Amino acid sequence: MNPFALAGFLTCLSSLVFGFFVFSRNPARRLNQLWLGFTMTVALWGLGSIWIALEPDPQTALLAWRVAFAASVIWIPIVFLHFTCVFSDTHHPRLLLVSYLVGATCVPFILTSPHFFSGVRLAFSSFYYATPGPLLFTFFTIGWLGLTMYSHILLVKSFRRSTETRRAQIKYFFIATAIGYAGGSLEFLPIFGFDVYPWGHFAIPLYPIIMAYAIVKYRLMDTSIVLEKGLSYLTLFSVAAIPAFGVLLWAQHLYFGSINYPFSATMLVIFHFLVLGSYSIKTRAEETIGKKLFKDRHVTATTLSQFSKALVSILDFDTLTEEITETLKRVMGIHHATLYVWDKQKNVYGPVSSSHATISPTHRFGLTHSLPVRLHEHQEPLVREEIEEMNTPKGSEQVVQQLKALDVDVCLPFLNTHHQLIGFCLLGPCHTQTGYSAEDLQLLTSLGRNAAIALDNAMLYEDLKQSQQLIQRNNQLRSLEIMAGGFAHEIRNPLTSIKTFVQLAPHRLNDHDFLKDFGRIVTDDVTRIERLCQEVLSYSYHPIPQIAEEDLHGIIEACLYATEVKTSNTPLHIAKDFANELPLLRIDQQQMKQVLLNIFFNALEAMSGERQILSVRTYFISKPTGDAWVQIEISDSGHGIGPKELEHIFDPFFTTKHESQEHEGTGLGLAIAHQIIQAHGGTIEASSQIGEGTTFLITLPTPVSQEPVQTAFSY
């Protein structure tokens, strides 16, 4: 095997292993599907290069070149472009359709036309290299490089508008490209007559490894997972597939006197798929047999397993405890179930949910009672029959008698991550005569572990709600204190002028200039008091948002238009960078306009001079829970806000505009905006630097299962 064939083997191996690894992390994810398609095209080139490097017949070698290019090389830039469009959230359906159609149209010419490959020549004294046709191959090379370059232009654009985490991922993409494409492009030089041995072929195996790391790192943020899984697959392949491949080569040589390398390479790929799919086949076979031959047992196991995983999503304590007892009773086919949970205030285990009519709500187990003591020591389900039949330690008789009195067959412990017994469930006898099997107890043990975590979370959530209520009460008192002080501060000056006018007016009734000028001041102060009272009422009144499906970009455009009208005589530049596709959001249009206009107008008042830039961006983000959110980023080039002031900008009556009578504010605008965004289930944050400007970040939830719509605006 010459170096070119060895590099092809490594290319095929790394592409298949890391392609399937990324795909297995999330098979339903479009990006992972396209990555698998891309690595398959690269793997086919690896197979083709093995065939090319080991083929001694020139006519067959020419066929190998044609097949490798038709099945692989022509599709590499097309599938990579498709992958890049999905990754960068770029919508190019026509370009992709044309690319695939052109690729399919070129396949017959690649396979047959002398204008693509005119023949082959012996190169490097080892294997046959293709010679290009007069024109078609040159056009193919230009198109191949063009699509590849455009894909990376899309990555550059995505890099500019991305977060730091995603930028790091794109950097890995460019590293992989620099290694993989640069090395792979050297293979074109001998085709055009530059006899430089294509050692760059050895760089291609690194390409899928680096790309796979970048893709998975963005989702899992753990390098060790990629290395561990990748090395595990390589080890499995080395232990199973490579020895089988060696036996195949030996058998060919033994029985036929020669080795057919293309056939052998094909069998290697088949071995690879069998090795990777063996565990999946075993799992599916067990599942199918369970469904067909042991249906009841399979349904019970599946239901308990699914319920065990779903428990952690239930945070309401009463709902959780009721679900545990009712599900166990129904699925296991038992007479009754009672759940006891540790009460830290009373230092006892008390019943919180029961389907057993004879168990009183006042029935409790103390911490030193033999049943919880035994459960804590053994940390596994207690079966009454086993305790009765075995020579049990001292104190077990009391446990057996207690279980008999309660008509209980099994006691299931709930131990948290610190191995503390936070509760247990008493299970009555089964309706069937078979009782509890070993498999049942194993399932119950698994359920008990997850139920303990769920109960722990639910109790912590209850504590959190109580703490939040206390914090909310404290915040209300603090807000009342701030509002009282702010209201007194805001109303003091207007009242002073009104009081002065009332005192002086009777003595200066004949002074018309005094009455006119001072009367105008008093009128303005009364208007200010009225506006202040209205804003206080708006802040204290919590209107329920009138939710409807709205186009966020349309709302932003309307607010920006109003802002431009307000600043028609000032040199303001508005920069927009909107996401190409955005779902309709469930928001109150008027309240959202109130929030945006408040921020826009604040930005206008903060900017001065020739450099007045207002930037608005929208984009998607994914939270660790997997939920999709939309973010609105609003930045200005104003004078900025100091760190001390920034901490209080959402507090009622806090304002930085007291110094300027022209821009005098009440300090309630951003407080109301904060209130509105919270009512929509979102968040609003601010960051600023003195002399650099201020940025507001609004995060809003997207509707579940909402199809994206193409925005009506072009940017």
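The values are calculated or read from the model by the stated rules, or taken from the named source; none is laboratory data. From a predicted model like this one, the values you see are computed outputs, not experimental measurements. In this analysis, Cβ positions are derived from the backbone assuming ideal geometry, glycine residues included, and neighbour counts consider all displayed protein chains.
Structure notes:
- Region 591-630: number of residues that are touching a residue at least 40 places away in the same chain (Cβ under 8 Å), acidic (Asp, Glu) and out of contact with any Lys or Arg (no Cβ under 9 Å at 6 or more places or on another chain): 1
- Residue count for region 346-384 satisfying the condition of being modelled with pLDDT under 80 and either out of contact with any Lys or Arg (no Cβ under 6 Å at 6 or more places or on another chain) or among the charged types (D, E, K, R) (or both): 7.
- Test: residue in region 63-83 that is under 29 Å from residue 150 (Cα atoms) and touching a His at 6+ places or on another chain (Cβ under 7 Å): no
- Set side by side, the residues 434, 445, 392 differ, and just one is surrounded by 12 or more Cβ atoms within 10 Å (Cβ to Cβ), over 30 Å from residue 672 (Cβ atoms) and at pLDDT below 70, which is 392.
- Among the residues making up region 110-168, a single one is more than 23 Å from residue 79 (Cα to Cα), over 29 Å from the mean Cα position of the chain (by Cα) and in a helix (DSSP H, G or I): 112.
- Number of positions in region 675-698 that are farther than 18 Å from residue 619 by Cβ and without any contact (Cβ under 8 Å) to a residue 24 or more places away in the chain: 2
- Screening residue 22 against (1) buried (at least 18 other Cβ atoms within 10 Å of the Cβ); (2) in contact with an Asp or Glu (Cβ under 9 Å, 6 or more places away or on another chain) leaves a single unmet condition, (2).
- Some residue of region 617-626 being closer than 21 Å to residue 670 by Cα and assigned to a strand (DSSP E or B): yes
- Pairing residues of region 141-154 that are assigned by TED's automatic domain parsing to the domain that holds residue 94 with residues that are hydroxyl-bearing (Ser, Thr, Tyr), at Cβ distances under 8 Å and at least 6 apart in sequence or on separate chains, gives 147/99; 148/181; 151/84; 152/84; 152/177; 154/84; 154/88; 154/90.
- Look at region 1-25: where a residue is under 19 Å from residue 196 (Cα atoms) and a partner is of a type in the set (A, V, I, L, M, F, W, C), sitting 6+ places away or on another chain with Cβ atoms under 6 Å, you get 2/53; 4/53; 5/50; 5/53; 5/54; 7/202; 8/50.
- Residue in region 414-422 that is assigned to a helix (DSSP H, G or I), modelled with pLDDT of 75 or more and either assigned by TED's automatic domain parsing to the domain that holds residue 375 or surrounded by 16 or more Cβ atoms within 10 Å (Cβ to Cβ) (or both) present: no
- Annotation: of all residues in region 328-355 being more than 19 Å from residue 373 (Cβ to Cβ) and free of Cβ contacts under 8 Å to residues at least 12 places away in the same chain, the one that is farthest from the chain's Cα centre (by Cα) is 345.
- The one condition from (1) under 23 Å from residue 671 (Cβ atoms); (2) modelled with pLDDT of 75 or more; (3) exposed (fewer than 15 other Cβ atoms within 10 Å of the Cβ) that residue 504 does not meet is (1).
- Taken together, the residues in region 39-68 that are in contact with a strand residue (DSSP E or B) (Cβ under 8 Å, 6 or more places away or on another chain) and part of a helix (DSSP H, G or I) amount to 8.
- Selection within region 26-39 - more than 16 Å from residue 184 (Cβ to Cβ), free of Cβ contacts under 8 Å to residues at least 60 places away in the same chain and in contact with a helix residue (DSSP H, G or I) (Cβ under 8 Å, 6 or more places away or on another chain): 27, 30, 33, 34, 36, 37
- Being aliphatic (A, V, I, L, M), touching a residue at least 24 places away in the same chain (Cβ under 8 Å) and either over 30 Å from residue 580 (Cα atoms) or touching a Ser or Thr at 6+ places or on another chain (Cβ under 8 Å) (or both) is a description that does not apply to residue 182.
- Tallying residues that are exposed (fewer than 13 other Cβ atoms within 10 Å of the Cβ) and not polar (S, T, N, Q) within region 115-138 yields 3.
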